[in-house]
Amino acid sequence: MKFVEKLLFVVIRALVVMMALVVLFASLDLAWIIIGDLIVPPYLLFDVSRLLDIFGMFLLILIGIELLESIRTYLDHKLIHLEVVLTVALIAIARKVIILDVKELEGFKLMGIGIIIAALSGGYVYIRRCRETPSIRTSDSDKGQQSSAA
């Protein structure tokens, strides 16, 4: 079992390094695109399709950062936080919606995307509330114990 644990440790570290490199180079690429578009006439103006590309790339970098955070959390605590996973999924679907050409999609596909967004948002809110609830219960039970002791 020691060999498997060591192998897993090496693989996860390699993933972190590779993901960090991907995020770094994607950020540099985004900066290059923005600077290049700003210095070409017409100056300081973007067309709508270019803005959508830039926003899509920006959100893609955010997804990479969130994945790095998820891997770091796994390394620190040996568990996967659902909040981070749901955040990555919400950012990914937001990216899809931003770069989506609504004119070319059928109504059912748009409804499906809406249902996915609602489900992910509902799951995120549920996880957040479940995380906050035990601390409230703990403090309430502590108050009850203190008042019965007095």
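Here are some notes:
- Among Ser49, Ser121, Ser27: highest mean-square fluctuation, GNM of the chain, C-alpha pairs under 10 Å: Ser49
- Cβ-placed point charges (K, R +1; D, E -1), dipole of segment 30-121 about Cα centre in debye, nearest 20: 140 debye
- Expressed as a whole percent, the accessible area of the chain that falls on carbon and sulfur atoms is 71 (1.4 Å probe).
- Over the chain, relative contact order from alpha-carbon pairs under 8 Å, at least 6 apart, %: 20 percent
- A DSSP coil position with no more than 10 other Cβ atoms inside 10 Å describes the following chymotrypsin sites (Phe, Trp or Tyr not before Pro) in segment 1-85: Tyr43.
- For Val17 and His81, the FRET efficiency from 1/(1 + (r/R0)^6), where r spans their Cβ atoms and R0 equals 22 Å, is about 0.55.
- Of the DSSP H helices in the chain, those whose Cα atoms cover at least 27 Å axially and whose Kyte score averages 0.0 or more: 2-39, 48-77
- Partners for Lys6 among aspartates and glutamates (Cα-Cα distance below 19 Å; same-chain residues under 8 apart left out): Asp76
- For the chain, the per residue solvent-accessible surface stands at 75 Å², with DNA, RNA and ligands left out and a 1.4 Å probe.
- Computed per residue of the chain from DSSP H runs no shorter than four, each worth -39500 (n - 2.57), the mean residue ellipticity at 222 nm is -31500 deg cm²/dmol.
The values are calculated or read from the model by the stated rules, or taken from the named source; none is laboratory data. The model shown is predicted, which means the values in this text are computed figures rather than measured ones. Neighbour counts are summed over all protein chains in view; Cβ atoms, including those assigned to glycine, are modelled from backbone coordinates with ideal geometry. With ligands, DNA and RNA removed, areas are computed over all heavy atoms of the protein, side chains included. Shrake-Rupley method; radii C 1.70, N 1.55, O 1.52, S 1.80 Å.
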